[in-house]
Amino acid sequence: MFLQTPPDSEGASRLFQQDIDSRGHVMNLSRAWAWRPDVADSFLALRTLLTSDSSLTARERAILVCSAASSLGDAYCSLAWGKMLAAASDGPTAAAVLRAPDEASLAPREMALARWARQVVNDPNGTAAKDVESLRAAGLSDKEIFEATVFVAFRLAFASVNDALGVNPDWQIAQAAPAEVRDAVTYGRAVAVQE
């Protein structure tokens, strides 16, 4: 990444240890966010608050992130969430969502969410009432539409910070993703070199 790893601090050490405990390695993005571990904690807490009372499923959230991340050209989130979407479906489905959601075999509600995520990333000012109506027609409530939109915006903010600061996807995340997902992610920052 373009920033140096921050000096040792209690907050940075905590972030790094959480990564080691949950993933077995310190994630590259944690090295960036360790400059402000309090902001990283607050971001995670707000995202957890949003999803804790949402009826959007884990698979639907993965579709939202994969659609948003691929539209943005963010390799890090595409690999990480592509792996999660593959676990909730299969590798070819996850790859199709990352490449072009219209080619994916998704339920109408999922397809509507994928299209909405791409629209929010690509042209939020271009949305219209008819776009929201198409989400309703696919079975989403207004609360779910709000939650999906905020979830995409959170991911967009998070990915934008990582991408702008040159944070490369961890080789461990890329290696853990199915081959179809790795092959679909032909954009964004290169995967970090294996240590």
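Values quoted throughout were computed directly from the atomic coordinates according to the rules given, and no laboratory measurement underlies them. Here the structure is a predicted model, which means the values were calculated and not measured. Don't worry about glycine lacking a Cβ; one is built from the backbone with ideal geometry, like all the others, and counts go over all protein chains shown.
Observations on the model:
- Ascending count of other beta-carbon atoms within 10 Å, so fewest first, for I20, I145, I63, I173: I20, I145, I173, I63
- Taking S9, S134, S22 and counting other C-beta atoms within 10 Å, the order from fewest to most: S22, S9, S134
- The charge dipole of the chain, taken about its Cα centre with unit charges on the Cβ atoms of Lys, Arg (+1), Asp and Glu (-1) only, comes to about 160 debye.
- Summing Cβ point charges (Lys, Arg +1; Asp, Glu -1) relative to the Cα centre of the range 119-193 gives a dipole of roughly 80 debye.
- Here the Karplus relation 6.51 cos²θ - 1.76 cosθ + 1.60, evaluated at θ = phi - 60°, turns the backbone of the range 179-193 into coupling constants of 4, 4, 5, 4, 5, 6, 8, 10, 9, x, 5, 5, 5, 4, 5 Hz, with x for every Gly and Pro.
- The residue list L72, A176, A129 was ranked by how far each Cα lies along the charge dipole of the chain toward its positive end, using unit charges on Cβ atoms, and A129 comes out on top.
- As a rough footprinting exposure proxy, the listed residues V193, V65, V39 were ranked by other beta carbons within 10 Å of their own, and the order from fewest upward is V193, V39, V65.
- Estimated vicinal HN-Hα couplings, Hz - the range 85-92 in sequence order (Karplus 6.51, -1.76, 1.60; Gly, Pro = x): 5, 4, 5, 8, 9, 6, x, x
- Look at the alpha carbon pairs under 8 Å that are at least 6 residues apart: their mean separation over the length of the chain gives a relative contact order of 29 percent.
- Taking a sphere under 10 Å around the Cβ of P6 and counting the other residues whose Cβ falls inside, with K and R at +1 and D and E at -1, yields a net charge of +1.
- Based on the Kirkwood approach, the hydrodynamic radius assigned to the range 44-183 is 15.0 Å, with every pair of different Cα atoms included.
- Listed peptides 43-53, 26-36 by packing density, highest first (mean Cβ within 10 Å): 26-36, 43-53
- Each Cα pair under 8 Å and six or more residues apart adds its separation to the average, and for the range 68-130 the resulting relative contact order is 32 percent.
- Remark on R36: its backbone amide H falls under 5 Å from none of the residues 5 or more positions apart or on other chains, H modelled at 1.01 Å from N.
- Remark: the range 170-175, residue by residue, has Karplus-estimated 3J(HN,Hα) of 5, 4, 5, 5, 4, 5 Hz, where x stands for each Gly or Pro and the curve is 6.51 cos²θ - 1.76 cosθ + 1.60 at θ = phi - 60°.
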